[in-house]
Structures are given as structure tokens and as C-alpha cells.
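A.B. asks: The structure's right below; bear with me while I get my questions together.
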Amino acid sequence: WRSFLLTSHFDRPKQLGPLHHQSQDYVDLFHHFGLLKSNEKQTLRALPKSHPPRIDSAYLLVCPGAEYGSAKRWPADHFAKAAAELARENSYRIVIAGGEGDLETAQQVERYLRGSSTINLTGSTTLSQFLTLCAHASFILCNDSGAMHTSSLYHTPGVALFGSTEPRWTGPLSPAMTVVQEDVPCSPCFLRECPIDFRCMRTLSVEMVLQACQDTLQRA
């Protein structure tokens, strides 16, 4: 129905076998227009890092938001507990970041972290500054979000929490990122709001996530 708006269009190749990552759709587009050879293997190269942020110590970047909807957001108290323990064990400063739409969620995490040495930059950074935060973080803890993909491009080590979405389709492309997802019968549903008991995220325990964080740090 939208094809007539495009200067050029082509039929999407039929998908055979297991679900492929959404980024493959763009690779198929490049192949169609001859910008890539059909047998050319693509690897994710780390982007060059810009100037370091205004933080004078190693920091844990916490991005508790997700623009798509609340069904993709791990509970704020879980974020705070995991962040506090991870920061204590690794001598990290905690930095919370995200867009203006993430401000309420970020403030909830900050309140749970009361007493911790936390910097909340949510809604107060430019895009360039946010990219720099992702690039120079020692570790990132986030949902399936733009922060996850951005940090993945810099090969920043981290853990991404999945609930209502499918990591095989939209997961991080960098091996430096670990996906944590509980196997529940209603996931992935791809809904913005959970209509039942939010079990996909609530069953992700703080202990489970911390173990994934430590495993990721050991590999880094």
C-alpha cells in the first residue's frame, strides 16, 4: 500500500529457516542494489569513540527506559537493586541516562538508589552526549532499547533485558552484550502494555541478572 510513494522498491526475499535479525532486511536491500556482494560476510565493527564524558571514574550506565512501551521495561526497583550491587562489587559510579520520555522511570530508579553516589542525566543530554556515555561506560544495564543498540555499536559490555520482544529479531549484534530473557509461554507478544501479570519481566530476578553481568564481565 505504500509502494507507490517509493522511487524504487523490491519484493522482500522469502525467509527460509529460523527467524533472522531485523538488520538483515537492510542487508538484503544493499544486496538488491548491488552495494554488497551476495557472498560478502558482514561483521560489526566498533565505532570510534569520541571525547570522554564528564565523569571522572569508571561508571555503570543504567538505562531503564524503553520508548516502545512499559512491557519492555524491567521494574525500577529491580534495576536499582542490581545496579547498586554491581556498582559495589566493581567500584562503579552509577549513571542513569535516557531520553525525556524515560524521565519518570529514571527518577523511580534514582529514588530506590537513595544514598548511592548516582548521577541522573536522563533527559538532559544531547544525542551526541548520550552516544559518548554509551561509548565510554564500563558496563551498561538496559532493556531492549536504543541504548542497547547504541552501546552494542561501541562493543560496550553489558546486559540487555528482554520480555515482550524477540532477541533473535531485534537483539544486540555485539558479542559484548548478553541477553537475559525468561522462557514464558506468552513471550514474545510484541505488545506495548502487558494485559496480564507482566510475568516475562517480573520473573527475571535480580540474582539472575547479576549472574549474567558477572559472566559478561569475565568475558570482557
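A.B. asks: Inside the range 113-145, can you point out the residues that are surrounded by 18 or more Cβ atoms within 10 Å (Cβ to Cβ), among the hydroxyl-bearing types (Ser, Thr, Tyr) and either in contact with a Leu (Cβ under 9 Å, 6 or more places away or on another chain) or over 14 Å from Tyr59 (Cβ atoms) (or both)?
C.D. replies: Within the range 113-145, Thr122, Ser138, Ser145 meet the criteria.
A.B. asks: Would you tally the residues in the range 1-55 being at pLDDT below 75 and either surrounded by 10 or more Cβ atoms within 10 Å (Cβ to Cβ) or within 21 Å of Met148 (Cβ to Cβ) (or both)?
C.D. replies: Within the range 1-55, residues that are at pLDDT below 75 and either surrounded by 10 or more Cβ atoms within 10 Å (Cβ to Cβ) or within 21 Å of Met148 (Cβ to Cβ) (or both) number 16.
A.B. asks: Let me spell it out: the conditions are (1) within 21 Å of Ala82 (Cα to Cα); (2) open to solvent by less than 30 Å² (accessible area, probe 1.4 Å); (3) assigned to a loop (DSSP other than H, G, I, E, B); (4) modelled with pLDDT under 85, and Ser187 meets all of them except one. Which number is the exception?
C.D. replies: (1)
A.B. asks: Look through Ala137, Ala97, Ala82, Ala147 and report the one residue that is within 19 Å of Val206 (Cα to Cα) and not acidic (Asp, Glu).
C.D. replies: Ala82
A.B. asks: Right, something else. When you go through (1) of a type outside the set (Phe, Trp, Tyr); (2) at pLDDT below 95; (3) part of a loop (DSSP other than H, G, I, E, B) one by one for Val180, which number turns out not to apply?
C.D. replies: So Val180 meets the others, but not (3).
A.B. asks: Between a first residue in the range 86-112 that is closer than 10 Å to Ala76 by Cβ and a second residue that is of a type in the set (Gly, Ala, Ser) and not in a helix (DSSP H, G or I), which pairs have beta carbons less than 6 Å apart while being 6 or more apart in sequence or on different chains?
C.D. replies: What qualifies is Thr105/Gly65; Ala106/Gly98.
A.B. asks: Filter the range 64-104 for residues that are polar (S, T, N, Q) and over 28 Å from Pro188 (Cα atoms); which is surrounded by the fewest Cβ atoms within 10 Å (Cβ to Cβ)?
C.D. replies: Taking the candidates together, the pick is Ser91.
A.B. asks: If a residue has to be assigned to a loop (DSSP other than H, G, I, E, B), at pLDDT below 95 and surrounded by 21 or more Cβ atoms within 10 Å (Cβ to Cβ) to count, how many in the range 155-170 make the cut?
C.D. replies: Counting residues in the range 155-170 that are assigned to a loop (DSSP other than H, G, I, E, B), at pLDDT below 95 and surrounded by 21 or more Cβ atoms within 10 Å (Cβ to Cβ) gives 3.
A.B. asks: Here's something else I'd like to know. Show the residue pairs meeting these rules: Cβ distance below 7 Å; 6+ apart or different chains; first residue within the range 128-148 and charged (D, E, K, R); second residue in a strand (DSSP E or B).
C.D. replies: Close Cβ pairs satisfying both conditions: Asp144/Ala160; Asp144/Phe162.
A.B. asks: What are the pairs with Cβ atoms under 6 angstrom where one residue, in the range 201-214, is touching a residue at least 60 places away in the same chain (Cβ under 8 Å) and the other, located anywhere, is assigned to a helix (DSSP H, G or I) and open to solvent by less than 40 Å² (accessible area, probe 1.4 Å)? Sequence gap at least six, or different chains.
C.D. replies: Val206/His78; Val206/Ala82; Val209/Ala82; Leu210/Ala82; Cys213/Leu86
A.B. asks: Please specify each residue of the range 190-204 satisfying the condition of being open to solvent by 40 Å² or more (accessible area, probe 1.4 Å) and modelled with pLDDT of 80 or more.
C.D. replies: Hits for the range 190-204 are Arg202, Thr203.
The values are calculated or read from the model by the stated rules, or taken from the named source; none is laboratory data. Remember, predicted model here, so these are calculated numbers, not experimental data. Positions of Cβ are backbone-derived with ideal geometry, glycine not excepted, and every protein chain shown enters the neighbour counts. These area figures cover heavy atoms from the full protein model, side chains too; ligands, DNA and RNA do not enter into them. Shrake-Rupley method; radii C 1.70, N 1.55, O 1.52, S 1.80 Å.
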